[in-house]
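Heads up, the thing below is written out as structure tokens.
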Amino acid sequence: MEWKNVGGRWITAQQVYYLTPDPRDPSREWIGTQDTGASFGHDDFGTYTNFGCCDGGEVAFAGNNVYLTLTGLGYLNPPSADTIQSSPGGGSFAWSPFTQGLNPVWAFPPMPIKYNGTNLYTFANRTVFRTTGTALPWTSISGPGFNINTIAVAANGVVYAGGSVPSYLQVWTGSRWVLQNLAPRNDRNVIGFAIGSSCGTVQTAYVCLSGISGSPIHRTRDTGLNWSNAIGDMVGGVNISCLRVDPSDDETVYAGTDLGVYYTGNGGSQWSKVSSGLPLVPFVTTLAWRPNLDKMLVGTYGRGVWEARVNSQPIAALHGWWSGGVGDNFATRDPDWRGCSGESRSPDYGWVRVEGKLYTTGGTTGTTPLYRWFSQQLQDNVVTADPAWGPGTVHQPDYQSVRAEGYIFRPDATPPAGAVGLYTWYSPGRGDYFTTSHPSWAGNPGDTHSPDYTCIRKEGYLLAAE
């Protein structure tokens, strides 16, 4: 990996706390920085917009809104903390307070905010709070009983909370907090988490701890029931500051440290330093994936933001979901919607199947973008490669672009061996566009299927799921 600087002179000199690429646009990103608030960058911060003062915290994207945290604790008198919400669409930046239910003096900088595809989460000293959907007020899910340093939230609602010694790591399983045992390293502070995939209640996660000796990285493959050493052969004397799991492979993990970035492809048994071009900094403070999963961004303390290409042609699975309550089928590669048999998402979506795999970046001969749109009025998702649904188009009654899911082979292309056709159907009774690769739904425009679906088009071909 070869790192290059991202941004102009102002960004280069920043102490970065949080770094959040915009999932809707690979060329946009947000950073929260020490003393200078939060900034929204365009084209790798070639241009940017700055919001607020003091310490900029984390940014979360939920639907078409952006949620931003700013902290004045220690800088303003009286101390203050704010969570603010953008206008619908996140484009006009007409911000409004989003703090109902939170204590005004409630967090130490920098402030976190998490969205797991269903609810927003944050913490206040000894208590974790969440919203219902994205509706106020914030409500407590009780506290683990210690001053919290960091949290991580999985798509299935499992919350990892870490703090200071002695009882510093607990997991919220949905109804209660469960103390985690990392003996003999229960004398450390929790610095950060990285969450992998989940299947039902079984989940892979990593935690990094303070200190340079012993085992500062641990891994669980059973949602915290058991933890094991994942420091492997990493050189001694390294302070681990953050972790990030590859969204397509739980065994591939990146670690930010005071000596640069390290990488493992086998769950922490062997580590390699991948810091070519990255300056020597006090800490790599945060790691983030570009939405297309082809590049990684790092935030540093004092030298701004850096970027490196990770995969030349990454591939991701397209997961199919169905809600009987709203009558909506849809498919997505969104990491928050990766699933398996028996999993569910709010309000009543159930996981159906992996439709296949698609490229997350363009460039492969014969491929075309696959888009997802959503109508709040109809509660319907549209997943299509139809150019008429491309960027900048308008669709009634209120469809808004959600994301480019990736790239599939065009219907007229010659796909790789084993590729599967992807078809879109429409039910007027349900008001549901349904895109699937299931063999029983293969068809031609005008074909019908129970209860009242009509085939609209063949979108193209997906790579076969393994």
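Values computed for the structure shown
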read-out	value
Among the residues listed as 392, 431, 406, the single one being surrounded by fewer than 18 Cβ atoms within 10 Å (Cβ to Cβ) and touching a residue at least 24 places away in the same chain (Cβ under 8 Å)	431
The range 250-266: number of residues that are free of Cβ contacts under 8 Å to residues at least 40 places away in the same chain and under 17 Å from residue 218 (Cα atoms)	7
Residue within the range 50-57 that is under 26 Å from residue 335 (Cα atoms) and at pLDDT 75 or above present	yes
Neighbours by Cβ (under 6 Å, 6+ apart or cross-chain): first from the range 119-142, assigned by TED's automatic domain parsing to the domain that holds residue 160 and free of Cβ contacts under 8 Å to residues at least 40 places away in the same chain; second in a strand (DSSP E or B) and surrounded by fewer than 16 Cβ atoms within 10 Å (Cβ to Cβ)	127/140; 129/140
Flag for residue 405 being in a strand (DSSP E or B), acidic (Asp, Glu) and under 20 Å from the mean Cα position of the chain (by Cα)	yes
Residue match in the range 84-100 (condition: at pLDDT below 65, under 20 Å from residue 129 (Cα atoms) and of a type outside the set (S, T, N, Q))	no
Any hit, the range 21-43, residues being more than 21 Å from the chain's Cα centre (by Cα), surrounded by fewer than 22 Cβ atoms within 10 Å (Cβ to Cβ), at pLDDT below 85 and of a type in the set (Gly, Ala, Ser)	yes
Count of residues meeting criterion [within 18 Å of residue 464 (Cα to Cα) and surrounded by fewer than 22 Cβ atoms within 10 Å (Cβ to Cβ)] in the range 335-350	1
Those strands (runs of 3 or more DSSP E) lying entirely in the range 116-166 with at least 3 residues out of contact with any Gly (no Cβ under 8 Å at 6 or more places or on another chain)	120-124, 127-132, 159-163
Residue satisfying condition, being under 29 Å from residue 119 (Cβ atoms) and either among the polar types (S, T, N, Q) or out of contact with any helix residue (DSSP H, G or I) (no Cβ under 8 Å at 6 or more places or on another chain) (or both), within set 427, 341	341
Search result, residues across the range 381-395 that are of a type outside the set (Asp, Glu), part of a loop (DSSP other than H, G, I, E, B) and either under 19 Å from residue 439 (Cα atoms) or at pLDDT 95 or above (or both)	385
Any chance residue 417 is in the same structural domain as residue 370 (by TED's automatic domain parsing), over 26 Å from the mean Cα position of the chain (by Cα), farther than 24 Å from residue 377 by Cβ and at pLDDT below 95	yes
Where residue 372 falls short, out of the listed (1) in the same structural domain as residue 431 (by TED's automatic domain parsing); (2) under 23 Å from residue 198 (Cα atoms); (3) of a type in the set (Lys, Arg)	(2)
Verdict on residue 293 being within 19 Å of residue 29 (Cα to Cα), in contact (Cβ under 8 Å) with a residue 24 or more places away in the chain and among the aliphatic types (A, V, I, L, M)	yes
Residues within the range 377-389 that are without any contact (Cβ under 8 Å) to a residue 24 or more places away in the chain and farther than 16 Å from residue 331 by Cβ, tallied	3
Options 424, 361, 435; residue that is assigned by TED's automatic domain parsing to the domain that holds residue 330, under 25 Å from the mean Cα position of the chain (by Cα), part of a strand (DSSP E or B) and on the phi < 0 side of the Ramachandran plot	435
Residue selected from the range 1-20 under the condition assigned to a strand (DSSP E or B) and more than 23 Å from residue 113 (Cβ to Cβ), by the criterion modelled with the lowest pLDDT	5
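The values are calculated or read from the model by the stated rules, or taken from the named source; none is laboratory data. As the structure is a computational prediction, the values presented were derived from the model and not from experiment. Cβ atoms come from the backbone with ideal geometry, glycine included; neighbour counts cover every protein chain shown.
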